[in-house]
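The values are calculated or read from the model by the stated rules, or taken from the named source; none is laboratory data. This one's a predicted model, so the numbers in the text were calculated from it and none came from an experiment. A quick note on method: Cβ atoms are made from the backbone with ideal geometry, for glycine too, and the neighbour counts reach across all protein chains shown.
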Amino acid sequence: MTHDVQLAEDAVQDASLRALTAWEAEGIPNAPRAWLTVAARRRALDLVRREAARGGKEEEAIRVQNLFRAEPPDSDVPDDLLRLIFTCCHPALSTEAQVALALRTLCGLSTAEVAHALLVPEATMLKRLTRAKQKIKQARIPYRVPPAAELPDRVRGVVSVVYLLFNEGYVASAGDTAIRTNLVDEATRLAWLLHELMPDEPSVSGVLALMLLHDCRREARLDGHGDPVLLADQDRSTWDQDKIRVGVELLGHGLSRTPDRPDPYVVQAAIAACHVLAPSYATVPWSAIVSWYDVLLTVSDTPVVRLNRAVAVAELCGPAAGLAEVDGIPDLPHYAWWHATRSLLLARLGRHEDAEKARETALGLDANLVLHHGLSTGDVIA
C-alpha cells in the first residue's frame, strides 16, 4: 500500500511496539492481525502526512491515502508469507535484489545472514538492500500481490528465497546450534505450498525434492551432544524413508519436465539422491555424482558448485586431484568451507602444517560455534 519498503517496516515496527503495551494492559484482541494492520496503517498515514506538511507534497500524500483505502486484490496464492514473497520478487528488480529483500524483510534473516547466503560482504549487502528500497520508491514500482498470470515470471526468485531460507536452517551461519529446525520446517512448508500452486514447474519440484532428500538425514546429523556427525559416519537406518520416497518421486517428475535443458534444482536433487539411495558410504556412486556436477555446471557455473564438485573428485580420484580442483576455484577466499575443504585434503596428503593454517583461516571466517567444533577436528561436514 505504501510503495515504500522502509515506510512499511517503520509502521509495522511501531504497531508491534504499541501492541506490546496495549495488549499487556487490555489483553490480546480477538483479531490480533487486524489490530496490527490498522495500527500500522494509522502510523504510516501519520508519517506520510507529516512528510507532506514539511515538503509541500500534498498530492503524494493524497495518493498514498487512496492506496490505503483500496482493498487488497484476491490472489491464487494460498498463504500470507508466500504472497508477500511473490510480491517482493518483482521483475523490475534484479533477482539478487528480490531474494535479498525477501530474506531480510519477510523471512527474519539478519543482514549478515543474507550476506552469508548470497556470498557477499555484509557492507555490500546493506548497500544492495538500500538501493533496492530506493528503486522501489523512486520508480514507483507497483508493489502489490501479483495476479496468477504474473506468477511464472516471479517463480525463479521465489524458489531462490525458499531454498536459501532452508539453507540457513540446514547449516546455520551463526549462533550456537548447527541446525535451525524452525527455518527448515518453514521453508519446507512454503515449498509444499508452492508445489501445490505450480505442480508442473520443474524448479519447484526440484527444490522440494532437494530439500526433502537433505532433510531426511535430520536425526543422524547431530550426536547426543549436539555436535555434527559426518555423512560417512551417520546411521543410515535413522534416515526418514518417507521423505526419501517422496523426494525421489518429485525428482523423477522434475527430470521428466526437463529433457532438453537441465534445471539447477532438479540436478542438485539428483546428486542428493545418489547419496541417500546408497546403502552405505562406501557404495556412494562418486562417478555419477561428478557427472551430475558436470551437468550442473552447464546451467549454474558458480564457485560453490565447483567446490562441491571438487569434494566429489577427491572421493573418486584421491585428495591430490581434489586439492587441485579446489585451488583452481576463484572468488572464494572469504568462504569458510573453501578453507575447511583445503584443510581436510591437505591433511589427507600428510601436509599437516598447511592443513592447520587452512583450518585456522576457516575458523576465523565461520561464525557458528557448533560448526567451529566440527572444524576443530579437521573435518568437513557433508
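Search segment 89-105 for residues being without any contact (Cβ under 8 Å) to a residue 40 or more places away in the chain and of a type in the set (A, V, I, L, M, F, W, C), and hand back the single one that is farthest from Gln138 (Cα to Cα). Residue satisfying both the conditions and the ranking: Ala100. Is segment 323-337 home to any residue that is farther than 26 Å from Leu210 by Cα and either among the hydrophobic types (A, V, I, L, M, F, W, C) or in contact with a strand residue (DSSP E or B) (Cβ under 9 Å, 6 or more places away or on another chain) (or both)? Yes, that holds for at least one residue. Screening Val299, Val326, Val290 for residues that are at pLDDT 95 or above, of a type in the set (A, V, I, L, M, F, W, C) and either touching a Gly at 6+ places or on another chain (Cβ under 6 Å) or not in a helix (DSSP H, G or I) (or both) leaves exactly one candidate, Val299. Here Ala115 clears all of (1) closer than 29 Å to Ala174 by Cβ; (2) in a loop (DSSP other than H, G, I, E, B) except the condition numbered (2). Of the residues screened, Ser256 is one that is out of contact with any Leu (no Cβ under 8 Å at 6 or more places or on another chain), within 20 Å of Trp292 (Cβ to Cβ) and either surrounded by fewer than 12 Cβ atoms within 10 Å (Cβ to Cβ) or of a type in the set (Phe, Trp, Tyr) (or both).
Can you find a residue in segment 338-347 that is among the aromatic types (Phe, Trp, Tyr), at pLDDT below 90, closer than 25 Å to Pro121 by Cβ and part of a helix (DSSP H, G or I)? Among the residues of segment 338-347, not one is among the aromatic types (Phe, Trp, Tyr), at pLDDT below 90, closer than 25 Å to Pro121 by Cβ and part of a helix (DSSP H, G or I), which makes the answer no.
How about segment 137-166: which of its residues are at pLDDT below 85 and either surrounded by 15 or more Cβ atoms within 10 Å (Cβ to Cβ) or among the hydroxyl-bearing types (Ser, Thr, Tyr) (or both)? The answer is Lys137, Ile141, Tyr143, Arg144, Val145. If you go through segment 222-252 and keep only what is touching a residue at least 60 places away in the same chain (Cβ under 8 Å) and either touching a helix residue (DSSP H, G or I) at 6+ places or on another chain (Cβ under 7 Å) or closer than 21 Å to Arg189 by Cβ (or both), you end up with Gly226, Asp227, Pro228, Leu231, Ala232. Residues considered: Thr283, Thr298. Of these, the only one that is touching a residue at least 24 places away in the same chain (Cβ under 8 Å), surrounded by fewer than 15 Cβ atoms within 10 Å (Cβ to Cβ) and either within 27 Å of Gly206 (Cα to Cα) or out of contact with any Ser or Thr (no Cβ under 8 Å at 6 or more places or on another chain) (or both) is Thr298.
Evaluation of Glu219 against the conditions (1) in contact (Cβ under 8 Å) with a residue 24 or more places away in the chain; (2) of a type outside the set (S, T, N, Q); (3) over 24 Å from Gly157 (Cα atoms); (4) assigned to a helix (DSSP H, G or I) shows that the sole unmet condition is (1). Residue selection: Val304 fails the criterion of being surrounded by 15 or more Cβ atoms within 10 Å (Cβ to Cβ) and at pLDDT 95 or above.
Those residues that are over 20 Å from Ala270 (Cβ atoms) and assigned to a helix (DSSP H, G or I), I need them from segment 170-185; list them, please. Answer for segment 170-185, where residues must be over 20 Å from Ala270 (Cβ atoms) and assigned to a helix (DSSP H, G or I): Thr181, Asn182, Leu183, Val184, Asp185.
Residue-by-condition table, conditions (1) within 27 Å of Glu9 (Cβ to Cβ); (2) not basic (Lys, Arg); (3) not in a helix (DSSP H, G or I):
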{"site": "Lys135", "(1), (2), (3)": "yes, no, no"}
{"site": "Ile141", "(1), (2), (3)": "yes, yes, yes"}
{"site": "Gly157", "(1), (2), (3)": "yes, yes, no"}
{"site": "Glu168", "(1), (2), (3)": "yes, yes, no"}
{"site": "Ala187", "(1), (2), (3)": "yes, yes, no"}
{"site": "Val207", "(1), (2), (3)": "no, yes, no"}
{"site": "Leu212", "(1), (2), (3)": "no, yes, no"}
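Listed conditions (1) out of contact with any Phe, Trp or Tyr (no Cβ under 6 Å at 6 or more places or on another chain); (2) of a type in the set (Val, Ile, Thr); (3) buried (at least 20 other Cβ atoms within 10 Å of the Cβ) are all met by Val207, apart from (1).
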